Amino acid sequence: MRLLALLLVTTLTVSAAEDFKSINQSLIRLTVAGQKPDYRIPWNSGRSSRGSGSGFVISDRRVMTNAHVVSNSRFIELEKDGDPERYPAQVKFVAHDCDLAIIEVDDPKFFEGTQALEFGDIPALHSTVYAFGYPIGGERMSVTRGVVSRIEFRTYSHSGLDTHLSIQVDAAINPGNSGGPVIQNGKVVGVAFQGYSGAVAQNTGYMIPTPVIRRFLADIEDDSYEGYAELAVEHSNLLNPAHREYLGMSPDMTGVRVTDVMSVGSAAGVLEKDDVLMMIDGYPIDNDGQITLGDEYVQFAEIIERKFHGDHVVFDILREHAPMTVTVSLRGASPYLIYRNEYDQKPRYVLFAGLLFQPMSRDFMSAHKVNNPQIKYLYDFYITDDIFEERPEVVILSTILTDQINTYLGNFTMSVIDEINDHKIKGITDVATAFAESADQYVIRTIDGGLPIVIDAVNVAAARKRIVRNYHVTSEQYLGPEDDHALP
């Protein structure tokens with residue numbers, strides 16, 4: 001069951017219930033030239049691509065679209081209906097965790113004749129909404145209709161990690177609709193962003209609702225995007241009366257049981273395993289983890305979703321049969337990023353004597369199709385077993401470019417690096433630092449504790465010339481944006 005980063009919809013007859021002409025003045029078609037990084041050969045520029053999407057004008061002469069429409073972009077052009085000119089644009093803000101982006105256009109002529117759309121509220125179940133966009137490469141506006149069929153938390157496929165509120169509609173949205181507005185009563189109630197492929201489900205699409213959109217816009221008001229705070233708590237429902245009684249809950253009490261508190265998250269040191277979360281910021285938590293928020297019945301995490309780094313959330317809990325109130329100060333949890341798809345950045349690596357060292361990440365695991373049990377354990381339990389504390393980055397010898405300097409070292413491929421010349425390796429920059437120092441030999445130890453890799457320094461210079469020439473290596477390392485000036 002694979003989610004696609006595109007919404008599904010069927011074409012419909014224009015209805016007088018919506019001011020389609022007004023929407024048309026705000027609708028934008030995006031054409032994007034992109035380049036996807038190559039995590040197997042990280043010095044390569046990657047595979048080029050070309051795609052299209054939709055967007056719409058909002059306040060302050062900005063254009064909103066999906067992050068996945070403009071991710072890894074190299075050139076963006078915008079078009080308006082009735083205007084033959086194409087306008088170059090650039091990404092101003094991008095939020096890969098909630099699949100939203102703001103595009104800016106330098107040419108003031110672009111906004112002539114446009115209207116900024118306003119945002120509405122969450123649409124009611126079974127109510128009708130209209131999706132606007134440019135599906136399947138079309139050059140004229142498409143209007144489609146659907147009915148709101150579900151409001152729930154769902155994983156956003158663009159990041160592959162983050163879960164936010166989403167709205168399901170029984171409409172099909174095709175490639176190119178992504179980023180377009182979903183309208184009800186003349187206001188934006190969502191942004192089309194993903195759906196199931198036809199092989200999995202028919203007429204099932206999703207839109208990003210306005211609480212997520214408004215939070216994104218509030219986050220960027222200071223000209224930067226911080227992203228979401230992470231409570232980092234796992235919980236189980238308490239639907240079984242016997243379980244509730246065992247935890248000391250009276251018949252009128254409701255809540256969920258904390259099953260784990262990650263040391264990396266906001267709740268570390270405040271919440272404990274077996275705590276019963278009964279209320280959050282005054283909202284009672286039902287035994288299935290849901291709360292009534294306005295007119296909606298949603299996961300209690302929605303309270304945290306609408307807050308920012310440094311904000312607080314108050315829980316009424318039951319701990320060892322005793323009621324109490326605790327306050328959690330919210331913050332992010334960067335170790336979770338290892339599980340998120342990466343965009344708009346080059347793969348980080350170090351190549352030395354034909355040995356390619358790379359940090360473990362979701363994109364790395366996917367590109368190399370890793371099935372090494374040791375690496376899979378480190379990846380799967382990176383958070384729960386606190387592996388990130390000892391190894392902020394797990395560095396792996398991913399590939400060996402065969403040369404006479406590394407003959408017979410093939411069995412070290414996919415080894416996790418522990419030390420290089422007594423330098424403890426906690427990240428890819430430690431690898432670069434260790435190899436930059438003068439030495440007679442470079443002794444590379446893996447976490448297996450067996451015989452190390454040994455490279456004689458006297459042979460390195462000649463080997464580098466051969467390897468760069470034979471394998472068309474354009475740069476022997478990239479450690480991050482600070483290295484951009486050194487790349488071709």
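Each reported figure results from applying straightforward, stated rules to the coordinates on display, with no laboratory input. Just so you know, these numbers come straight off a predicted model, no measurement behind them. Please note: Cβ atoms are built from the backbone with ideal geometry, for glycine as well, and neighbour counts cover all protein chains shown.
Observations, loosely collected:
- Within the chain, helix-based [θ] at 222 nm, where runs of 4 or more DSSP H residues each add -39,500 (n - 2.57), nearest 500: -3500 deg cm²/dmol
- Considering segment 233-329 at the alpha-carbon level, its Rg and Dmax are found to be 12.7, 38 Å.
- Dipole moment magnitude, nearest 20 debye, segment 306-365 about Cα centre, only Lys, Arg, Asp, Glu C-beta charged: 120 debye
- Based on alpha carbons, the Rg and Dmax found for segment 302-397 are 18.7, 62 Å.
- Placing dummy labels 7 Å off each Cα toward the beta-carbon, the span from Lys36 to Phe75 is 2.1 nm.
- Loop-located GluC sites (Glu not before Pro) in segment 91-179 whose Cβ has at most 14 other Cβ within 10 Å (DSSP): Glu112, Glu118, Glu139
- With kT/(6 pi eta Rh) evaluated at 20 °C and eta = 1.002 mPa s, and Rh the Kirkwood radius from Cα pairs, the chain diffuses with a coefficient of 85 µm²/s according to Stokes-Einstein.
- Theoretical gain in end-to-end length, Lys376 to Ser438 [0.36 nm per residue, Cα-Cα removed]: 18.9 nm
- Rounded to two decimals, the Cα-based Rg/Rh of segment 21-151, with Kirkwood Rh, is 1.01.
- Shown is the FRET efficiency for Leu161 and Phe111, computed with R0 = 45 Å from the Cβ-Cβ distance and rounded to the nearest 0.05: 0.80.
- Inter-label distance for Ala124 and Asp483, nm, one decimal - labels placed 7 Å from Cα along Cα-to-Cβ: 5.7 nm
- Packing-based ranking, highest mean first, of 209-218, 470-479, 274-283, 178-187 given that Cβ atoms within 10 Å are counted: 178-187, 209-218, 274-283, 470-479
- Computed 3J(HN,Hα) for segment 457-470, one whole-Hz value per residue from the Karplus formula 6.51 cos²θ - 1.76 cosθ + 1.60 where θ = phi - 60°, is 4, 4, 9, 5, 4, 5, 5, 4, 4, 5, 5, 4, 6, 6, glycine and proline marked x.
- Over 24 Å [Cα-Cα, segment 177-282], rounded percent: 55 percent
- Remark: spin-label model distance His321-Thr474 equals 6.9 nm, labels positioned 7 Å along the Cα→Cβ axis.
- Whole-Å distance, taken between Cα centres, linking segment 208-227 and segment 39-115: 17 Å
- Taken one residue at a time, the phi angles of segment 208-219 give Karplus couplings (6.51, -1.76, 1.60, θ = phi - 60°) of 7, x, 5, x, 5, 5, 5, 5, 4, 5, 5, 5 Hz. Gly and Pro are set to x.
- A straight chain from Thr259 to Glu104 at 0.36 nm per residue would run longer than the Cα-Cα distance by 51.3 nm.
- All alpha carbon pair distances within segment 346-486 were sorted into 10 Å bins beginning at 0; the resulting P(r) in whole percents reads 11, 43, 37, 9, 0.
- The value of relative contact order for segment 334-488, using C-alpha pairs under 8 Å at least six residues apart, is 26 percent.
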